[in-house]
């Protein structure tokens with residue numbers, strides 16, 4: 001008798017992480033179901049290669065469902081219909097700066113949604129494995145360097161506070177109901193699929209538009225903020241590995257290297273052969289956060305030891321991947337530097 005493929009449900013499947021997770025799971029033979037929010041415009045650019053089975057391994061194994069992370073009934077219906085073996089919860093309002101402008105909405109979609117989906121899962125399918133996309137922003141005003149799974153949280157934004165709530169809900173459902181719930185505390189991870197309103201894509205897209213003659217300046221906020229940047233496809237693999245373990249646990253996923261936003265700008269322009277990057281950057285106070293997270297650097301020793309995971313893409317290679325992709329998108333030919 002032929003064994004049925006594993007089923008996975010991915011919330012936020014049209015986002016950076018959700019789309020890479022769909023790619024990974026399909027490559028591993030899963031039947032993949034994606035949860036998408038109903039809106040008046042299509043936002044499926046990151047999964048268009050899967051939707052309709054245009055990628056060979058996706059044919060007949062990729063399905064989309066309209067749902068609402070803030071509506072428990074909607075979640076119960078979808079979970080009952082799909083009956084997944086694994087749930088990857090990436091759906092959220094994920095922009096830190098914007099969370100200050102819409103704190104209540106961020107709390108609902110980033111924090112309360114985790115409670116709602118865990119409760120729906122407890123009712124419908126408590127044996128399913130659950131991955132919660134936690135964030136380095138939970139560390140906020142850092143209490144130690146580098147940050148590990150034992151570092152105390154001190155969030156500095158409505159987004160960070162919401163993620164702390166979601167983190168502890170996952171832990172609570174694990175301990176109260178014996179559910180297989182994991183937190184992946186992912187540090188910043190980027191790719192050509194990163195949203196264009198995030199600082200790294202703002203830099204690489206802006207650079208491509210400058211080279212194409214479509215834009216003159218890039219407007220940024222705090223250039224001195226330090227981040228631990230990795231490559232998104234590698235980070236979703238860590239998330240998958242968490243749900244393949246015998247016991248659920250929480251893991252930091254990071255590179256262990258920290259760079260400033262200024263360094264990201266410098267490296268992007270250097271790769272494009274431009275040395276006087278300062279002439280193209282303007283500081284706009286609107287992009288400063290009311291409370292800033294000055295430095296983040298993660299220690300992924302536990303993920304390396306228990307999951308056999310470690311980052312492969314270095315900072316300069318990450319920048320190169322993103323600059324090349326955006327230049328190609330805007331019809332710019334780059335000379336290799």
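Within the stretch 196-207, residues that are without any contact (Cβ under 8 Å) to a residue 60 or more places away in the chain reach partners that are in a helix (DSSP H, G or I) and crowded, with 23+ Cβ neighbours inside 10 Å with beta carbons closer than 6 Å, at six or more positions or on different chains, in the pairs 196/205. Against the criterion of being surrounded by 21 or more Cβ atoms within 10 Å (Cβ to Cβ), under 20 Å from the mean Cα position of the chain (by Cα) and in a strand (DSSP E or B), residue 159 does not qualify. Contact map, the stretch 279-307: first residue without any contact (Cβ under 8 Å) to a residue 12 or more places away in the chain, second residue surrounded by 14 or more Cβ atoms within 10 Å (Cβ to Cβ), Cβ cut-off under 6 Å, separation 6 or more or different chains; pairs are 304/310. Of the residues making up the stretch 112-136, just one is part of a helix (DSSP H, G or I) and under 21 Å from residue 304 (Cα atoms), namely 136. The requirement of being touching a residue at least 60 places away in the same chain (Cβ under 8 Å) and out of contact with any helix residue (DSSP H, G or I) (no Cβ under 9 Å at 6 or more places or on another chain) is not satisfied by residue 248. Residues that are in a loop (DSSP other than H, G, I, E, B) and over 15 Å from residue 290 (Cβ atoms) within the stretch 140-153 comprise 142, 143, 144, 145, 146, 148, 149, 150, 151, 152, 153, listed in sequence order. Residue 293 satisfies every condition listed in (1) in a loop (DSSP other than H, G, I, E, B); (2) surrounded by fewer than 21 Cβ atoms within 10 Å (Cβ to Cβ) except (2). Here is a check on your reading of the model: is residue 270 in the same structural domain as residue 138 (by TED's automatic domain parsing) and over 22 Å from the mean Cα position of the chain (by Cα)? So residue 270 fails the test. Of all the numbered requirements in (1) out of contact with any helix residue (DSSP H, G or I) (no Cβ under 9 Å at 6 or more places or on another chain); (2) surrounded by fewer than 15 Cβ atoms within 10 Å (Cβ to Cβ); (3) in the same structural domain as residue 133 (by TED's automatic domain parsing), residue 243 misses one, and that requirement is (2).
With respect to the conditions (1) in contact (Cβ under 8 Å) with a residue 24 or more places away in the chain; (2) over 29 Å from residue 315 (Cα atoms), residue 175 falls short on a single one, namely (1). Taking residue 253 as the residue in question, decide whether it is surrounded by 15 or more Cβ atoms within 10 Å (Cβ to Cβ) and more than 16 Å from residue 184 (Cβ to Cβ). Taking the combined requirement at face value, the residue does not satisfy it.
Considering only the stretch 170-183, I want to know if a residue exists there that is assigned to a loop (DSSP other than H, G, I, E, B), within 24 Å of residue 243 (Cα to Cα) and either modelled with pLDDT of 95 or more or not assigned by TED's automatic domain parsing to the domain that holds residue 268 (or both).
Yes, because at least one residue in the stretch 170-183 is assigned to a loop (DSSP other than H, G, I, E, B), within 24 Å of residue 243 (Cα to Cα) and either modelled with pLDDT of 95 or more or not assigned by TED's automatic domain parsing to the domain that holds residue 268 (or both).
Here residue 256 fulfils each of the conditions (1) in contact (Cβ under 8 Å) with a residue 40 or more places away in the chain; (2) closer than 30 Å to residue 219 by Cβ apart from (2).
The values are calculated or read from the model by the stated rules, or taken from the named source; none is laboratory data. Here the structure is a predicted model, which is why all the values come from computation and not from measurement. Reconstructed Cβ throughout: ideal geometry from the backbone, glycine too, with neighbour counts over all protein chains shown.
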